[in-house]
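*Asks:* Following this message is one structure expressed as C-alpha cells.
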Number of protein chains: 2
Amino acid sequence: MKTKKLSTQPYKGTRDFYPEDMRLRNWIFNTMRTTAQSFGYEEYDGPMLELFEMYAAKSGEELVNEQLYHFQDRGGRHVAIRPEMTPTVSRMVAARINTIPRPIRWFSIPNLWRYERPQKGRLREHWQFNVDVFGVDSVLADLEIIEIAIQIMLDLGGDFTDFRIHISNRKLLNDFMTRALELDESGKQAVCKTIDKKDKLQNDEFRRMLSQTGLTRDKIDSLIDFTRLDRAGLARHEMIATSGAVELESLFGKLKESELDRFCTLDLSIVRGLDYYTGTVFEMYDLHPDNRRALFGGGRYDNLVALFSNQPLSGVGFGMGDVTIQDFMITHQLIPVLPPPVEVFVALFDETCLGEVRDCARRIRRAGFRVIAQIEPVKLTKQYKFAHQKNIPVVVLQGPDERAGNTISLKQMISGEQKTVPESELNAAIRAWLRRM
Amino acid sequence: MKTKKLSTQPYKGTRDFYPEDMRLRNWIFNTMRTTAQSFGYEEYDGPMLELFEMYAAKSGEELVNEQLYHFQDRGGRHVAIRPEMTPTVSRMVAARINTIPRPIRWFSIPNLWRYERPQKGRLREHWQFNVDVFGVDSVLADLEIIEIAIQIMLDLGGDFTDFRIHISNRKLLNDFMTRALELDESGKQAVCKTIDKKDKLQNDEFRRMLSQTGLTRDKIDSLIDFTRLDRAGLARHEMIATSGAVELESLFGKLKESELDRFCTLDLSIVRGLDYYTGTVFEMYDLHPDNRRALFGGGRYDNLVALFSNQPLSGVGFGMGDVTIQDFMITHQLIPVLPPPVEVFVALFDETCLGEVRDCARRIRRAGFRVIAQIEPVKLTKQYKFAHQKNIPVVVLQGPDERAGNTISLKQMISGEQKTVPESELNAAIRAWLRRM
C-alpha cells in the first residue's frame, strides 16, 4: 500500500535554488559584493526575526497591515520576519553610534519576506542588495550611492541604453503639496500613495483616485503638470528656490561633473513607497520596451536612526531585489556562462583500486581542482556516462597498465582527446586542458 | 522632550553581524564552500519557511513540540521556519528524483531557527553547513562524508590532536536493544533519547533515567557495557555478526585504507537526536580539555526521501553549526587575521578637487582595489584620522603641486613612508605596497 506523500513543491511564492540556480545567484551576489567593496563598503548582517514594533513605527501601513509576516513567539514576544533591511541597519548603527568612524559605509544581501500574491517580479521571499552610507548630510553622499547603483548595473553587464535612474526629492514634492495643493499631513500621505501607484494606473483612473483624496480638478492638473517637469521646466517653476529643488539642482550638477548624468533623469513623480524618506529619492528603470518598469530604488532617510537613538544620524541608500534584477538580466540577455562546477572525475577501474582512486582525487584536490572520485565499483561505461551527464570536462583513470608504469590516463570529454602522462605531471596536464576551455 | 527609543538589541538568541564579525563569517563559509566544492559537491538553497507537516513527520518530538517556530500565514497555511535542512533537501531531491544524475552531491549553508534558551554553543538563529550525498547504499558513501567532515576541520586550521570523530551505527544499537534489552519501538526511542543526553548527565542520574524507561538493573549494566565497547570488544561481542556491526567493521577498514583512522574512534554511545537516522551515525568531538564536547554530527538516513516520493533513495550527510565551530576555532586559537576590507583612501585637498578625487578613486577601483573616496571637503588631518581609525593601509592625495606635475602622493599608514609618483604609476605603486604587507 502506498502511503500519502508530502508535496515536493516549495511554499507558495518562494523558490528552491537547485545547483544551476544557485550558481547564478552566487555569481550575481558576488558581483554585488565586489562592486560594493570596491567603493569601500563593508558587509554586515542581522537576524531574520526582529521585534514587530520596529516596523510598526516607520515602514508604512500597507507593509505592516497587509504584507508583514508576524506572530507571537513561545515566550510571548511579538516578532516579525524582516520585510526590509533599513530598520535593522538603523538599529545596528544606533547601537554603536559613538564608536564607529563616520561616514559608515555598509552593505548586505539579506533575504526578506512579504506576504504578497506571487506575480512577475514579486515573490514572498526575495533577496535584496542593500547599500547605505550614514553620517553625511550633503547630497555628495546621494551622489556616491547613485554612482554605486549605476556601477552595479554596469558590472552585471548592462550599459546606458539598458537603464536610467529617475531622480526626485521628497522635500520638494512635500513643499509643493503644502503650498500649491494646501494639503495637511494625512492628505499628503494619501496623494503620495496614489502617485506611487501611477505606473500601474490608466490616466483617468489616476485622476479619479486623486480626486478621492479631496483635490479639486485644478489642483490635480497642477500636480500632474508638476510631476511632469523636466529640469528646464523646474528652473522656471516657482518652487525652484525651495531647499528640495536646490538639492536636486546641486545633485544634477555633481552628476554631470562625474559624467554620470547620461544615466540619470529628473522625474518628480518618483516618491517611493516607504514613509521614511526625507530628501533625494530615486528609482532605476529598465529601458527595454518589453520590461519598462522600476527595477529598484532608494533615497535619503534622515530620521530613521532616531527611532533608536537620541543622536541624529542621516542615511542614504538603496535596496536592489534579486527577482527583478534577474528579470532584467534575462530581458537583456546578460546571463553569463559560468565555469563548470566540477572539473575532474576520477574513474574507478575495479574494486581493488578504491584506495588509489581516493588518493589520486586527494592529490588533484590539493592542487585546487574540484574533483569527484567514483565511490563504488561499477562498469566504466556507466562512470563515463555520469561524467558526461554532469558536464565534467576531464576524466582521469589509472588501470593496471598505467599503474605498472606510474602513469595515468586523461580524457577531455568534449573533444574526446586522450593522453597518458607520468603521475607527477597529472595536475599540470589537467591545468593545461582546463585553461584552454 | 525625548521620545521613548526602541531597543538597539537584536532579538533574543540572535546575533548582529557587524563588518568585523561578517568578515570572519564569510571567511568560515567560504572555507566550507571551497572544501565541499573540492569534493565535487554543489551548493543549493531552499526557502526559510516550509510547511509544518514536513517536520511533524520525522524530525523528532522535542524539536517539533518545544523548539519549532511555527504559525499560520495570512492565507491559513500552517508554516514553520526551518529548524534543520535535511527535510528541505530531501524534498528538493524527491522533486527531481528521475532527472538528477546520481550520486547527488550537494551542500548548503542555511540559517536555521530553534526556540531555545540561549547558552554556550546554542542560539535561536544559527547557520549550518550541510553536506549530503544521495543514491549510494554502501558505506563507501559514509566514508566520503566522513572524509569531508575531517577535511573541513583541517581546512579551518585544526589538526588531529584537536578533534576526533566518534562513530556508531543505529542499526547495531537498535538490534542490540531488541535482542539484549527486549525493548519495543517506544521503549527503544525512550532509551535512545536518554543515551543521547548522556554527556550532560552524572552517572547515577543517567542510570536513574534509564530505569525510568523500564530497564532492569542487569539490562542497564548490559547496555552501559555495550556502549563502552571498543573495536576489539565489539569483535568478541555476540552482536558482531549483525548487519550494523558488519557495516561498522567495513567502514573502519576503509578508514584505515584511506589513512583517516587516526581521526576516528568507535563509540557505541553515539545515537544523534534526530529520529530519521538508519545506519552510520557520527559526532565530531573537540579534544581540548576546556571544550570537550560534540561539535557537530551526521549519519545515514535511508527513508527520508520516501516522505515525498515512492522511489527509495538513501542519503548520508552532516550538519556543522557556525556557533559551535567558531567556539572550537577560538578555543584552539584558529581565528585567522584577515586582509584589510578597504585598501586605499583617496583624500580630498579642497572642494575644487571633488571631481578629480572621484575620478582618481574610479581609476584605482578599475585596477581591482577597494577604495574609499573622501565625500565632503573637511580638514586633511580629519581625513587622515579617519583612514587611520579604519586601518586603511594606503592614503592617496593629489594637491595643486602634484596636479601641476601630473603626479600623485601616497602614504603608507603603518610605516608613515611617503612617496610621489607619476599618475600613470599610481596603481603599480599601490600594488607594490599592499603586496609587501
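A short reminder: the numbers here are calculations on the coordinates, not readings from a lab. The structure presented is a predicted model; accordingly, all values stated were derived computationally and were not measured. A quick note on method: Cβ atoms are made from the backbone with ideal geometry, for glycine too, and the neighbour counts reach across all protein chains shown.
*Asks:* Compute the relative contact order of segment A:344-436 as a whole-number percentage, counting only Cα pairs closer than 8 Å that sit 6 or more residues apart in sequence.
*Replies:* Reported as a whole number, the value is 26 percent.
*Asks:* At a threshold of 8 angstrom on Cα-Cα distance, excluding pairs fewer than six apart, so keeping six or more, what relative contact order does segment A:263-395 reach in percent?
*Replies:* Normalised by residue count, the contact order of segment A:263-395 is 17 percent.
*Asks:* Can you give me the P(r) profile for segment B:140-223? Cα pairs, bins 5 angstrom wide beginning at 0, each as a whole percent.
*Replies:* Per 5 Å bin, starting at zero, the Cα-Cα P(r) for segment B:140-223 comes out as 3, 12, 19, 17, 13, 11, 12, 10, 3, 0 percent.
*Asks:* Mind listing the label-point distances from A:Leu334 to the same position on all other copies, shortest first, one decimal in nm, points 7 Å along Cα→Cβ?
*Replies:* 4.0
*Asks:* Can you pull a Stokes-Einstein diffusion coefficient for chain B at 20 °C (1.002 mPa s), Rh from Kirkwood over Cα pairs, as a whole number of µm²/s?
*Replies:* Result for D is 84 µm²/s.
*Asks:* Here's a follow-up. Tell me which chymotrypsin sites (Phe, Trp or Tyr not before Pro) from segment B:150-222 have a DSSP coil assignment and no more than 15 other beta carbons within 10 Å of their own.
*Replies:* The qualifying sites are B:Phe160.
*Asks:* Quick one: with label points 7 Å out along Cα→Cβ, list the inter-copy distances for A:Gln72 in nm, shortest first?
*Replies:* 1.4
*Asks:* Mind checking the mean number of beta-carbon atoms from other chains within 10 Å of the Cβ atoms in B:366-373?
*Replies:* Average per residue, whole number: 4.
*Asks:* Specify the angular offset, from 0 to 90 degrees and rounded to the nearest 10, of the alpha carbon long axis of helix B:139-155 from the longest principal axis of the alpha carbons in chain B.
*Replies:* Around 40 degrees separate the two axes.
*Asks:* Have a look at the DSSP beta bridges in the protein assembly as shown and tell me what percent are antiparallel, nearest 5.
*Replies:* That works out to approximately 80 percent antiparallel.
*Asks:* Let me ask something additional. What residue among A:Ala180, A:Ala373, A:Ala36 has the largest mean-square fluctuation in a Gaussian network model of chain A, using Cα springs under 10 Å?
*Replies:* A:Ala373
*Asks:* Quick one: among B:Val139, B:Val64, B:Val357, which has the greatest mean-square fluctuation in a GNM of chain B with alpha-carbon springs under 10 angstrom?
*Replies:* Among B:Val139, B:Val64, B:Val357, the largest GNM mean-square fluctuation belongs to B:Val357.
*Asks:* Given Cβ point charges of +1 (Lys, Arg) and -1 (Asp, Glu) and nothing else, what value in debye, to the nearest 20, does the dipole of the protein assembly as shown about its Cα centre take?
*Replies:* 320
*Asks:* Would you mind ranking A:Glu42, B:Glu66, A:Glu343 so that the residue whose beta carbon has the fewest other beta carbons within 10 Å leads the list?
*Replies:* Least crowded to most crowded, the residues run B:Glu66, A:Glu42, A:Glu343.
*Asks:* Per-residue Cβ counts within 10 Å, from other chains only, averaged over B:98-105: what number is that?
*Replies:* 3
*Asks:* Compute the Rg to Rh ratio over segment B:344-436 from the alpha carbon atoms, using the Kirkwood formula for Rh, and round to two decimal places.
*Replies:* 0.92
*Asks:* Could you pull out every residue, at least 5 positions away or on a different chain, whose amide H is within less than 5 Å of the one on A:Leu313? Hs are placed 1.01 Å off N in the peptide plane, and Pro or chain starts have none.
*Replies:* A:Val305, A:Ala306
*Asks:* Return the FRET efficiency for the residue pair A:Gln311, A:Val337: r is the Cβ-Cβ distance, R0 is 51 Å, and the value is rounded to the nearest 0.05.
*Replies:* The formula returns an efficiency of 0.55 here.
*Asks:* Among A:His237, A:His126, which comes first, second and so on when ranked by fewest other beta-carbon atoms within 10 Å?
*Replies:* Fewest to most other Cβ atoms nearby, the residues stand as A:His237, A:His126.
*Asks:* Among A:Leu255, A:Ile220, A:Ala387, pick out the residue whose Cα is farthest towards the positive end of the charge dipole of chain A, where Lys and Arg carry +1 and Asp and Glu carry -1 on C-beta, about the Cα centre.
*Replies:* A:Ala387
*Asks:* Here is a follow-up. Taking only DSSP H segments of four or more residues, each worth -39500 (n - 2.57), what value at 222 nm results for chain A once the sum is divided by all its residues, to the nearest 500 deg cm²/dmol?
*Replies:* The helix-only estimate for chain A comes to -11500 deg cm²/dmol at 222 nm.
*Asks:* Given A:Val133, A:Phe160, A:Ala80, which one lies farthest toward the positive end of the charge dipole of chain A, if we put +1 on the Cβ of every Lys and Arg and -1 on the Cβ of every Asp and Glu?
*Replies:* The one lying farthest along the dipole's positive direction is A:Ala80.
*Asks:* Identify all lysines with a Cα-Cα distance to B:Lys419 below 18 Å; exclude those on the same chain that are fewer than 8 residues away in sequence.
*Replies:* In chain and number order, the partners are B:Lys411.
*Asks:* So what's the projected area for segment A:89-141, the Cα convex hull averaged over all directions, in nm²?
*Replies:* Average of the hull's projected areas for segment A:89-141 equals 5.1 nm².
*Asks:* Relative to the other copies, what are the label-point distances for A:Asp221, with labels 7 Å from Cα along the C-beta vector, expressed in nm at one decimal and sorted shortest first?
*Replies:* Distances to the matching label points in the other copies: 10.4 nm.
*Asks:* For segment B:154-173 and segment B:272-314, what is the centre-to-centre distance using only Cα atoms, to the nearest Å?
*Replies:* Segment B:154-173 and segment B:272-314 have Cα centres spaced 12 Å from each other.
*Asks:* Give me the percent relative contact order of chain B, please, defined on Cα pairs under 8 angstrom at least 6 residues apart.
*Replies:* 15
*Asks:* Magnitude of the Cβ-charge dipole of segment B:344-436, K/R +1 and D/E -1, about the Cα centre, nearest 20 debye?
*Replies:* For this selection, approximately 540 debye.
*Asks:* So which GluC sites (Glu not before Pro) in segment A:159-261 pass both tests, a DSSP loop state and at most 13 other Cβ atoms within 10 Å of the Cβ?
*Replies:* Counting only loop positions with at most 13 other Cβ atoms within 10 Å, the GluC sites (Glu not before Pro) in segment A:159-261 are A:Glu182, A:Glu259.
*Asks:* With N set to the residue count of the protein assembly as shown, report its C-alpha Rg divided by 2.2 N^0.38 Å to two decimal places.
*Replies:* Dividing the Cα radius of gyration by 2.2 N^0.38 Å gives 1.06.
*Asks:* If the reach is capped at under 29 angstrom between alpha carbons, list the lysines near A:Lys197, excluding any in the same chain fewer than eight residues apart.
*Replies:* A:Lys12, A:Lys58, A:Lys120, A:Lys171, A:Lys188, A:Lys219
*Asks:* Next up: Hey, can you rank A:80-90, A:47-57 by average C-beta count inside 10 Å, highest first?
*Replies:* A:80-90, A:47-57
*Asks:* How much of the DSSP bridge set in segment A:344-436 is antiparallel, in percent, rounded to the nearest 5?
*Replies:* Taking every DSSP beta bridge within segment A:344-436, about 60 percent pair in antiparallel fashion.
*Asks:* Over segment B:21-165, one equal point on each Cα, no solvent: what is log10 I(q)/I(0) by the Debye formula at q = 0.09, 0.19 Å⁻¹?
*Replies:* -0.34, -1.31
*Asks:* Same structure, new question: Can you give the Rg to Rh ratio of segment B:225-375, both from alpha-carbon atoms, with Rh computed by the Kirkwood formula?
*Replies:* Taking Rg over the Kirkwood Rh, I get 1.30.
*Asks:* A further question on this structure: Once phi is turned into θ = phi - 60°, what whole-Hz ³J(HN,Hα) does the Karplus curve with 6.51, -1.76 and 1.60 give for every residue of segment A:171-183, x standing for Gly and Pro?
*Replies:* Each residue of segment A:171-183 in turn: 4, 4, 4, 4, 5, 4, 5, 5, 6, 7, 9, 6, 9 Hz.
*Asks:* Sticking with this one: I want to make sure I understand the PRE zone here: with the label point 7 angstrom from the Cα of A:Ser138 toward its beta carbon, which residues in segment B:357-390 have backbone N atoms less than 13 Å away?
*Replies:* B:357-358, B:374-380
*Asks:* Now for a separate question. Restricting to segment B:1-108, compute how many DSSP beta bridges are antiparallel as a %, nearest 5.
*Replies:* If I count the DSSP bridges inside segment B:1-108, around 75 percent turn out antiparallel.
*Asks:* Name the chain A residue with the Cβ nearest the axis that maps A onto B: which is it, and what is the distance in angstrom?
*Replies:* Nearest-to-axis residue on chain A, with distance in whole Å, is A:Phe71, 2.
*Asks:* Longest segment of chain A with no trypsin sites (Lys or Arg not before Pro) in a DSSP loop having at most 14 other Cβ atoms within 10 Å?
*Replies:* Between the exposed loop sites, the longest stretch runs A:121-227.
*Asks:* Given 0.36 nm per residue, what is the gain on full extension from A:Arg117 to A:Leu24 after removing their alpha carbon distance, in nm?
*Replies:* Going from the current span to full extension adds 31.0 nm.
*Asks:* How about segment B:398-433: which GluC sites (Glu not before Pro) there are in a DSSP loop, with at most 11 other Cβ atoms within 10 Å of their Cβ?
*Replies:* When the GluC sites (Glu not before Pro) of segment B:398-433 are filtered for loop state and at most 11 Cβ neighbours within 10 Å, B:Glu417 remain.
*Asks:* For the Cα atoms of chain A, what angle does the longest principal axis make with the long axis of helix A:86-95, in degrees from 0 to 90, nearest 10?
*Replies:* Between the helix axis and the principal axis of chain A, the angle is about 90 degrees.
*Asks:* Give me the dipole magnitude in Debye, nearest 20, for segment A:159-242 about the Cα centre, with unit charges on the beta carbon: positive for Lys and Arg, negative for Asp and Glu.
*Replies:* Here the size comes out at about 80 debye.
*Asks:* Per residue of B:45-55, what is the mean number of Cβ atoms on other protein chains within 10 angstrom of that residue's Cβ?
*Replies:* Mean partner-chain Cβ count within 10 Å for B:45-55: 6.
*Asks:* Here's a follow-up. Anyone know which of A:Ala241, A:Ala232, A:Ala294 comes out most mobile in the 10 Å Cα GNM of chain A?
*Replies:* Fluctuation is largest for A:Ala232.
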